[in-house]
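Following: one structure in structure tokens, then a few remarks.
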Amino acid sequence: MRAIGLAILALSAMALATTACQSGDESTHRTPLPTVAAPPYVCDHIPLRAVELMTGLHDPMARGFFDLSISEGTGDGNCAVYQRDGEQSKVLMIDLAPSGFKEEVEENIRLGASPLPEIIPGAIGSYFEPPDSKDNEASALLVRGKAALTIRLEMGAAGRDNAADVVALMKLIAPKLITDASAPSKSPSRAPTKG
């Protein structure tokens, strides 16, 4: 009799633990990405909390850096986020390049991508989520001048709105990466000459 009571108690504890885990997972699925970029960061500019939520990974591995000091008014660099498994599968790629063309965004929209909301004055963007993706993929592109910022979520967290996640991440990181990178470079002022 005592053994049956212990078995029932053990099963109840397992059911309670399973329910707690599922409800924790469910709340994670609904947790929106932060609206303000705050440390800790991966690759110096990408908020870790946003990456964890959109990929479903805790403490993912990240490699890369961004150079925002390029003199032609654009930045350069990338950040690749990997799953910490034997294969080190890439789950997220963020790329800043001095090769943006608004025509590329317009073509994406013509082919079925959705336009991004205005994130930065003078910028144009699009985002897309394949309807038949098995890996919860989504992507976004924002162009301002020659600066192009691309986000490719290659393996998103199951149960989340992956397209909304790439849009939210773009809102978080573009003001720093693309605005600073595409700001006109200031030329040193010259003292007036005496004539």
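Go over the candidates Lys176, Lys146, Lys186, Lys171 one by one and state the one that is closer than 22 Å to Ile70 by Cβ, of a type in the set (D, E, K, R) and either modelled with pLDDT of 95 or more or touching a His at 6+ places or on another chain (Cβ under 8 Å) (or both).
Details: Lys146 fails: either modelled with pLDDT of 95 or more or touching a His at 6+ places or on another chain (Cβ under 8 Å) (or both); Lys186 fails: either modelled with pLDDT of 95 or more or touching a His at 6+ places or on another chain (Cβ under 8 Å) (or both); Lys171 fails: closer than 22 Å to Ile70 by Cβ.
None of the others qualify; the one that does is Lys176.
Going through Ser133, Ser99 one at a time, which residue ends up being open to solvent by 40 Å² or more (accessible area, probe 1.4 Å) and not in a strand (DSSP E or B)?
Working: Ser133 fails: open to solvent by 40 Å² or more (accessible area, probe 1.4 Å).
Criteria check complete, one pass: Ser99.
Does Ala97 qualify as being farther than 18 Å from Asp165 by Cα, under 17 Å from the mean Cα position of the chain (by Cα) and of a type in the set (A, V, I, L, M)? I'd like the intermediate steps shown before the answer.
Numbers: farther than 18 Å from Asp165 by Cα: yes; under 17 Å from the mean Cα position of the chain (by Cα): yes; of a type in the set (A, V, I, L, M): yes.
Against the criterion (farther than 18 Å from Asp165 by Cα, under 17 Å from the mean Cα position of the chain (by Cα) and of a type in the set (A, V, I, L, M)), Ala97 qualifies.
Which numbered condition in (1) outside any loop (DSSP other than H, G, I, E, B); (2) open to solvent by less than 60 Å² (accessible area, probe 1.4 Å) is the only one that Met155 fails?
(1)
Given the criterion open to solvent by less than 60 Å² (accessible area, probe 1.4 Å), assigned to a loop (DSSP other than H, G, I, E, B) and either at pLDDT 95 or above or more than 11 Å from Ala168 (Cβ to Cβ) (or both), identify the matching residue among Ala50, Ala38.
Working: Ala50 fails: assigned to a loop (DSSP other than H, G, I, E, B).
Testing whether each residue is open to solvent by less than 60 Å² (accessible area, probe 1.4 Å), assigned to a loop (DSSP other than H, G, I, E, B) and either at pLDDT 95 or above or more than 11 Å from Ala168 (Cβ to Cβ) (or both) leaves just Ala38.
The values are calculated or read from the model by the stated rules, or taken from the named source; none is laboratory data. What you see is a predicted model, and the numbers here were worked out from it, not measured in a lab. Don't worry about glycine lacking a Cβ; one is built from the backbone with ideal geometry, like all the others, and counts go over all protein chains shown. Note: areas computed on protein heavy atoms with side chains; ligands, DNA, RNA excluded. Shrake-Rupley method; radii C 1.70, N 1.55, O 1.52, S 1.80 Å.
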